[in-house]
1. Being modelled with pLDDT of 60 or more, crowded, with 22+ Cβ neighbours inside 10 Å, in the same structural domain as residue B:385 (by TED's automatic domain parsing) and farther than 25 Å from residue B:235 by Cβ is true for just one of B:31, B:61. Which residue is that?
2. Looking at residue A:157 and the list (1) open to solvent by 10 Å² or more (accessible area, probe 1.4 Å); (2) touching a Lys or Arg at 6+ places or on another chain (Cβ under 8 Å); (3) within 14 Å of chain B (Cβ to nearest Cβ); (4) closer than 24 Å to residue A:28 by Cβ, which single condition is not satisfied?
3. Keeping to segment B:317-335, report how many residues are touching a strand residue (DSSP E or B) at 6+ places or on another chain (Cβ under 9 Å) and open to solvent by 70 Å² or more (accessible area, probe 1.4 Å).
4. Answer with yes or no whether residue A:59 is away from ligand 2 (no atom under 13 Å from the Cβ), away from chain B (no Cβ under 11 Å) and out of contact with any strand residue (DSSP E or B) (no Cβ under 8 Å at 6 or more places or on another chain).
5. With respect to residue B:276, determine if the residue is closer than 23 Å to residue B:129 by Cβ, open to solvent by less than 40 Å² (accessible area, probe 1.4 Å), within 17 Å of the chain's Cα centre (by Cα) and in contact (Cβ under 8 Å) with a residue 40 or more places away in the chain.
6. Just to confirm my filter: which helices (runs of 4 or more DSSP H) fall fully inside segment A:36-140 and include at least 2 residues that are open to solvent by 30 Å² or more (accessible area, probe 1.4 Å) and in contact (Cβ under 8 Å) with a residue 40 or more places away in the chain?
7. Give just the number: which of (1) of a type in the set (A, V, I, L, M); (2) over 18 Å from the mean Cα position of the chain (by Cα); (3) within 16 Å of ligand 2 (Cβ to nearest atom) does residue A:99 not satisfy?
8. Using the structure shown, decide if residue A:81 is touching a helix residue (DSSP H, G or I) at 6+ places or on another chain (Cβ under 7 Å), more than 14 Å from chain B (Cβ to nearest Cβ) and either away from ligand 2 (no atom under 16 Å from the Cβ) or within 17 Å of residue A:197 (Cβ to Cβ) (or both).
Amino acid sequence: MYQLKNVTKTYTGKRTVHALRSVDLEIGDGELVAIQGPTGGGKSTLLQMLGGLDRPTSGSVLLAGDDLAKLSDGALTSARAERIGFVFQHYNLIPTLTAAENVATAMVPLHVKAEKRTRRALEALASVGLAERADHLPGELSGGQQQRVAIARALVKEPRVLLADEPTGNLDEATRDEIVELLEGLWKEEGLTIVMVTHDTAVARRAQRRLRIAKGTVTER
Amino acid sequence: MFLTYLRRELRHRRKQTAVVAVGLAVAIALVMVVSSVSTGVRDAQTAVLESVYGVGTDVTVSQPGEAGGGRPGRFEFDAEAGEADDDGTRSLDQAQLSVERGTATFDAASLDTIEGVEHVTDAAAALTLTSTSFSGEMPDMEAMQEQMEAGGGPGQAGEQGGPGRAGGPDGAGGSAFEVDSFTVTGIDPSADAVGPLTTVEVAEGRGLEAGDDEVAVLDATYAETAEITVGDTLSVGDSDLEVVGTVTSTTGDGVATSSDVYVPLVLAQTLADLDGQVTDVYVSVDSADHVDAVADAVGAALPDASVSTQSDLADDVTGSLSTASSLVSTLGTWLSIIVLAAAFGLAILFTVSGVNRRTRELGTLKAIGWGKPRVVGQVAGESVVQGLLGGVVGVALGAVAVLAVNLAGITLSGSSGGLAVGGPGAGGQAPGGGQATGGGRGGGAPFGQAADTATSAVDVALSAPVTVWVVVAAVGLAVLGGLLAGVVGGWRAARLRPAEALRSLA
Ligand SMILES: Nc1ncnc2c1ncn2[C@@H]1O[C@H](COP(=O)(O)OP(=O)(O)OP(=O)(O)O)[C@@H](O)[C@H]1O
Ligand SMILES: [Mg+2]
């Protein structure tokens, strides 16, 4: 699925930060990868490279053969819209939109008709067990429920890859387990490739493959 | 999704939305009021000009006289004038018909010269006169002389002296004077294509007709004030004229016509002893482009004449009308600009702070594949709708404000041609009519000056119209404000990196 070659990310600002130092990494189709490491180690930066949210300073990030580092802005946006699903630590739902509408936002750039959008959003919410909360605003949902909505939003477009940055970071243990089980189930059933950043060793242990990133360098463990 | 999201977002931050919309609303309401009032003032100016110069007059020709020169409208009495009563008081009854001060007459043959100028389509000549009649009593001069010698000053000798209170002939104390002044315009009855007659219509009786001899037509307002009706006689100069009709102005309600009395030109010339003389020529020109050329040509042909175009005349309008006009154009415009700029600034500020607050939200949308144009459009759309909201509220607010201005019944008074030089003791405006009937009853003023007063002051009720264009422009301005804020906010949104979605900051 992914092939990273010699990926470097250097932030130049007040201080030059080498967030990633010539990372070589291969992630196969249908893998469930957990990324761990100390804070500031470069986990989020690596996820940004994988998700096409930012470009590496040098090196190439091949997603099914396409180099995300070299795609145009428009093509990169399309890649994010069509092929990559995101789940964030803070859920990142639009606070003014209902659960169903939040899920539907993912289909807006895919030019799905409004009617079909609503139907698919409701299906996606049902698949994460939130069918009856479709009309609720994020503020009316618990953290775990919000994260389920976010997962539904990431999955409704049927992406090839799901990228999650500390998806359980803000949740209590019981809810954390629910979410991890949900992701595991999707991984097994849909054959998704999942890359998940986590601080939580309990979560990481459930992954097939575990990576550690510290000071911009990736190591297997 | 666009509209749902937009609606939710605006409702979510309804306070900011309200502040921005109200700011824009107040600003455009102000713009509406200023532009409507300035249109109203301009209309009033046009009404004044038309009532004085007639519709279709592009150029007027007159001849300035030396100040105080010409024939001064001054009554001359001597001790023997009038009829002496038993007690030595003399009753006086005199009327005088003369050209207004500061105006000179010129040869009517100039009309032919003017008609010969290229592009002139029509010209009409008029002789504008002021009739001042004086009636009253004067104390016995000889008796006064004696009193003065006996030690009493003028005006203090009333107890012993003549009838009423004694005083000097300057009216400071004892004389009972009545001064009545009105304007008389002599005009060729057939010249109704241009000039003062173009804006009058007959109210009662008939208008002037070719072949009319010793007849007069009165301004209806003046007739009412002076209590003269059709069929009465009116003394003009030494003659008694039959009043055959009254006329009113067609330029608007409450607008007086340019003159109190209209008589045939020849009659006016005879009465004033000014055969073959006129004071004004009204000229119409075939196209607006030729007005200046015609004015120049006439000026060259008649070097002594003063030639004015309509725009010169508009500048000449004085009185509260010109005050209002300059107030609206300076203060009003600047105030509008400042308030508009403030409202725009407010809209921009709130939009930008909104985008900053939504950094993660907008970053997330980018992260899940919303393109730049879609995100920018969303932000800009919100601002434009805010602007539209402000526009709708502002138009309503502006309409109410303009209505209030109209209902306030503001009356503007304007005079044209610089004739309205109010002398001390000037009598003020006639009630309801607008035409100042000239020197007041206060005998203290020199009569000649009193007679000069306000021959063409016209009162016009301010009516500020709200046109479709004003409404469109107002809404347009509000939307422009929203658009401007949207562009700035959108530009910031466009620069947001999708990686902002991963920021841990709430
Ligand atoms: N936009 C940026 N500009 C400058 N430096 C940055 C930027 N983003 C990240 N960094 C720096 O890059 C390094 C790696 O950051 P990154 O967010 O990838 O760490 P992380 O492993 O996700 O840490 P955490 O566990 O705290 O989320 C850090 O030193 C961080 O300060
Ligand atoms: Mg991180």
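The values are calculated or read from the model by the stated rules, or taken from the named source; none is laboratory data. Nothing here was measured: the structure is a model prediction, and the numbers come from that model. Ideal geometry is used to build each Cβ from the backbone, glycine not excepted, and the neighbour counts take in all protein chains shown. When the accessible area is computed, the model is the full protein with side chains, heavy atoms only, and any ligands, DNA or RNA have been set aside. Shrake-Rupley method; radii C 1.70, N 1.55, O 1.52, S 1.80 Å.
1. Only one candidate passes the filter, namely B:31.
2. (2)
3. Total satisfying the criteria: 1.
4. no
5. So residue B:276 does not fit the description; no.
6. Filter on segment A:36-140 gives A:73-83.
7. (3)
8. no
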